[in-house]
Amino acid sequence: MSTSTPTNAPAQVLRPDRKKNRLGYNILALVTAVIMAFPVYWLVVSSLRPNHEIRSYDQTLWPSSLTFDNFARAVKQDNFATAIQSSLIVSVTAVVGGMIIATLAALAIGRFRFFGRKALMMVMILVQMLPPTAMLIPIYLQLNALGGIDEYWGLIVVYLVSTLPFATIMIRGFVINIPVELEESAMVDGCTRMGAFRRVIFPLLAPGLAAASIFSLVNAWNEYLFAYILINDNSKYTLNVWLMTFTTERGTDYGALMAASTLISIPVVIFFMIIQGKMATGLTSGAVKG
């Protein structure tokens, strides 16, 4: 009797129609990436162009000559240092305060059952649907009555409250996906509830905190309308409002404006690169007892 030896199954070969579909999706993704990246590329390239070339009708994808004079004029612009200080104070305080409150709120909503929990979630979702311009006048009147106009804390409260519902909902999604048994096991080993949260739950929330903090920072760092309305003191202008100073009665210094816009975007990019590396690390670091 002859015995047959098993042979390895042949590798799966994509059909021609699937290859065409994959090629089409790759081309579509590439075109989308180019369209999204082109404004950023044009911003950086324009910041390196001489002013006479920026105003020219014959634009090219690459400048005929590179210059850093635009950056020099941007840095020497009045109130540049104070604008950086104002943006850092407002943004960092709003992000840190928002993450602390959002984490506690998400933990309470995700771990505990109390009356009105679903209604609270629905209200937070509905608040996100309101356009900021619809709340501008009520917020201005309330802050004016409380003395918050031309004060950092008034703008911080606005930014914190505007990002708090979304951050809470986002972090809650991570809280409910963490098994309760991990927290209970830590408490059995002698941890208090706060200790279990700090040693087990908090490291697992790192991806959610990273995503929520990026959203909050971008919202606070790039916001213009409320900063323009609530801050009237030139020495307290945030960076986005400070960009108005490049437009005067004699016209707009487009080169310095593009250079300043490029400088403003750098801190957010750096923050994202730092946080991105920590997002995957927090997925499992709190699940292993060390």
Which of the peptides 180-191, 74-85, 222-233 is most tightly packed, and how do the rest follow, going by the mean number of other Cβ atoms within 10 Å of each residue? 222-233, 74-85, 180-191
Carbon and sulfur: what percent of the chain's accessible surface (1.4 Å probe)? 68
Whole-number D in µm² s⁻¹ for the range 116-219, Kirkwood Cα-pair radius fed into Stokes-Einstein, 4 °C, 1.567 mPa s: 80
Axial C-alpha extent at least 30 Å, average Kyte-Doolittle at least 0.0 - helices from the chain (DSSP): 16-47, 80-111, 152-175, 254-279
Leaving out ligands and nucleic acids, and using a 1.4 Å probe, what accessible area per residue does the chain come to in Å²? 63
Could you give the nm distance between label points at residue 117 and residue 37, where each point is 7 Å from its Cα heading toward the beta carbon? 4.5
Using a 1.4 angstrom probe on the protein heavy atoms only, could you order 118, 236 from most to least accessible area? 118, 236
Sort the following peptides by mean Cβ neighbour count (other Cβ atoms within 10 Å, averaged over residues), highest first: 88-99, 246-257, 30-41. 88-99, 246-257, 30-41
Per the C-alpha gyration tensor (a ≥ b ≥ c, the square roots of its eigenvalues), the range 168-278 is rounded if a/c is under 1.5, else prolate if a/b beats b/c, else oblate; here it's prolate
Anisotropy class of the range 56-108 from Cα gyration tensor, a/c 1.5 cut: oblate
Which order do 129, 170, 122 take by accessible area at a 1.4 Å probe, largest first? 129, 122, 170
Cα gyration tensor category, rounded, prolate or oblate, for the range 27-66 with a/c compared to 1.5: prolate
For residue 22 and residue 144, what does the FRET efficiency come to when R0 = 41 Å and r is the distance between their Cβ atoms, rounded to the nearest 0.05? 0.10
If r is the Cβ-Cβ distance from residue 263 to residue 188 and R0 is 41 Å, what FRET efficiency results, to the nearest 0.05? 0.20
Exposure ranking of 271, 71, 115 by accessible area [1.4 Å probe, largest first]: 115, 271, 71
For residue 76 and residue 151, calculate 0.36 nm times their separation in residues minus their Cα-Cα distance, and state this gained length in nm to one decimal. 24.5 nm
What spacing in nm lies between the two simple spin-label points modelled at residue 66 and residue 215, each 7 Å away from Cα in the Cβ direction? 3.8
Between the alpha carbon centres of the range 226-259 and the range 39-99 the gap in Å comes to 12
For the range 79-286 the mean separation of alpha carbon contacts under 8 Å (6+ apart) over residue count, i.e. relative contact order in percent, is 33
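The values are calculated or read from the model by the stated rules, or taken from the named source; none is laboratory data. All figures in this text were calculated on a predicted structure; none of them were measured in a lab. Glycine gets a Cβ as well: all are built from the backbone with ideal geometry, and neighbour counts include every protein chain shown. Please note that ligands, DNA and RNA were not included when accessible areas were found on the heavy atoms of the full protein model with its side chains. Shrake-Rupley method; radii C 1.70, N 1.55, O 1.52, S 1.80 Å.
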